[in-house]
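The structure appears right after this line, and notes come after that.
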Amino acid sequence: MSGWSRHREAARDLSVSLGYLARIWLDTVRMGLRLGPFEMARALNRYPWARAFIKVNGFYAKTLSGRTGVQRRAAARLVHTLQSEGTRAFEDLILRPGRLILNEDLVPPEIFYAMGLSSWFVEFLGFLLPMFSPETAEHYIDAAESRGLPPDICSLPRHMMGVALSGHLPRPAAVVTSNSPCDGGMASYTVIAKKLGCPVYRLDVPFRFETERAADYFADELNRLIAWLETNTPGRMDWDLLKSVCEERNRMQAVEAELWDMLRAKPAPLAAEPVYLSHLWGFVVQPGKPASTRLLSSMRDLARKNFEAGRGAVPGERYRALLWGPFPAHLPDIWAWAEKTFGVALILDSLSYNRLPPIDTESPRAMLRSLGRTIMAGPMARHSRGPAENYFADMFHAAEIFSADMIWHSGHVGCKNARALSGMLRERCRARKIPLLVMDYDLTDSRLADGAAVRAQITHFMENVMKAGPSGAR
């Protein structure tokens, strides 16, 4: 690339950075104007964790660090959506408390939307606070432990219990949770609901969730949830609206399928957060909303620019990695660093990858069966419930489909299910001749393994197993 071309590319990158940063702050200011200064001040006093979102600049800079071209634009677009749609959700939390549902991450909110209710995804804070402000997350983890909760519980539910016990969760119309994905997550809602003192519904996910009998049982369970919500909240089911929400979700899923088809190409036209965080936002936090479809559509369209030009998201892509397990939320710059240092493109992660069909909107019963399958086979839940094969089948299928050169396994210290399978995982990867990196860290608590520690683990693996020095030098 000539000197002039490099300067022109740098100018474009700077324009992208400044343009999306301006949009992020404009959306934040608009929220303040809609709420008004007094209501905004009361909200920040009532929910002090919201002050962490003022630190969006740091998160934004880390996500864009070292990236250029399409990958930079996609990352900027993603952070803008997280901030803008997150502020709208915060507004609903403040302005519509009588219609607010606090729901667990594996209970998607399509039914709530169709009943005229708002959704606040409790674990949303557990992921975003460490990204924006690790010290805020650690404060709430310490708050939970200081009240007697054991320190060996997964830090995500421990974090959320700390927020609740500190009195910093809103009191909603109702809480809806389930018995997924793990004991820690399930048990945390006992503490949360007791602190909030509001009605609670617990969805019962069958152990053998893949059977037709389970689909029928869980569709009935969702019917019972709807009846319960109509008794305990102002919400009323609108089946036509539910169909519209599900159809929007299906459109988003079709868009993502196009993106995933392009990800099979070498080099990958998009990688890392623009792929997996856009999925988590669209399919877990706000499914069935046009804004989520627009986000996935923008990721697809940006990827297509690289795909049609034969360019990779990672300049000089050398390795393709698959992440299995939860990403380290407190290290938003780890993938940008891996791209720049070793030419590693993170193709996909286990929380994003699924092979579920679209929602069947033929009838109310069909929608409930399809939504039920989606909930029962949610991220992590379908991998950690049942026989060990459930954990491995998707992993090796994804590794084959996307031609992964290696698997990076997140050895999150609080996930006892996954860590118990480490030995089997090593054996199976060895049998398939797939290089395996087990990264030891905590999902939301940076004090157990900070950025330097995680980067050292990756460097050791890349140099000693993959025989690659910095920038892929051999």
Return the residues of segment 51-96 that are buried (at least 22 other Cβ atoms within 10 Å of the Cβ) and of a type in the set (D, E, K, R); say none if nothing qualifies. R67, R72, R73
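Residue-wise test of (1) of a type in the set (A, V, I, L, M, F, W, C); (2) farther than 20 Å from M380 by Cβ; (3) surrounded by fewer than 16 Cβ atoms within 10 Å (Cβ to Cβ); (4) touching a Ser or Thr at 6+ places or on another chain (Cβ under 9 Å).
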position: G167; (1), (2), (3), (4): no, yes, yes, no
position: A174; (1), (2), (3), (4): yes, yes, no, yes
position: C182; (1), (2), (3), (4): yes, no, no, yes
position: M186; (1), (2), (3), (4): yes, no, no, yes
position: Y189; (1), (2), (3), (4): no, no, no, yes
position: A193; (1), (2), (3), (4): yes, yes, no, yes
position: G197; (1), (2), (3), (4): no, yes, yes, no
position: P206; (1), (2), (3), (4): no, no, no, no
Looking at segment 116-145, which of the residues that are part of a loop (DSSP other than H, G, I, E, B) and crowded, with 22+ Cβ neighbours inside 10 Å is modelled with the highest pLDDT? L117
Do we find a residue being within 14 Å of the chain's Cα centre (by Cα) and of a type in the set (G, A, S) anywhere in segment 90-111? no
Kindly provide the set of residues from segment 405-441 that are modelled with pLDDT under 85, touching a strand residue (DSSP E or B) at 6+ places or on another chain (Cβ under 9 Å) and charged (D, E, K, R), ordered by number. R419
Pairs under 6 Å by beta carbon, first residue closer than 17 Å to L368 by Cβ in segment 89-117, partner of a type in the set (D, E), six or more apart or different chains? A114/D238
What number of residues within segment 146-165 satisfy the criterion of being at pLDDT 90 or above and of a type outside the set (A, V, I, L, M)? 2
Residues of segment 412-467 being small (G, A, S), more than 19 Å from W337 (Cα to Cα), crowded, with 18+ Cβ neighbours inside 10 Å and out of contact with any His (no Cβ under 9 Å at 6 or more places or on another chain), which ones? G414
Taking segment 188-219 only, how many residues are over 19 Å from W120 (Cα atoms) and either touching a Leu at 6+ places or on another chain (Cβ under 8 Å) or in contact (Cβ under 8 Å) with a residue 24 or more places away in the chain (or both)? 12
State which residue is nearest to V79 (Cα to Cα) when the search covers only segment 337-350 and only residues that are surrounded by fewer than 23 Cβ atoms within 10 Å (Cβ to Cβ) and out of contact with any helix residue (DSSP H, G or I) (no Cβ under 6 Å at 6 or more places or on another chain). W337
Only one of G282, G288 is within 30 Å of W239 (Cα to Cα), small (G, A, S) and part of a helix (DSSP H, G or I); which? G282
Assigned to a helix (DSSP H, G or I) and in contact with a strand residue (DSSP E or B) (Cβ under 7 Å, 6 or more places away or on another chain): which single residue out of L222, L229, L241 fits that description? L229
Residue ranges of helices (runs of 4 or more DSSP H) in segment 357-431 with at least 3 members touching a Lys or Arg at 6+ places or on another chain (Cβ under 8 Å): 389-401
Of R67, R30, the only residue that is of a type in the set (D, E, K, R), assigned to a helix (DSSP H, G or I) and either in contact with a helix residue (DSSP H, G or I) (Cβ under 8 Å, 6 or more places away or on another chain) or closer than 30 Å to L242 by Cα (or both) is R30
Residue in segment 353-404 that is modelled with the lowest pLDDT, counting only those that are among the hydroxyl-bearing types (S, T, Y) and in contact with a strand residue (DSSP E or B) (Cβ under 9 Å, 6 or more places away or on another chain): Y391
Go through segment 171-205 and give me each residue that's over 26 Å from G116 (Cβ atoms) and either modelled with pLDDT of 85 or more or assigned to a strand (DSSP E or B) (or both). T190, V191, K194, K195
Is it the case that some residue within segment 433-450 is within 21 Å of L356 (Cβ to Cβ) and among the basic types (K, R)? no
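The values are calculated or read from the model by the stated rules, or taken from the named source; none is laboratory data. Keep in mind the model is a prediction, meaning the values are calculated, not measured. Please note: Cβ atoms are built from the backbone with ideal geometry, for glycine as well, and neighbour counts cover all protein chains shown.
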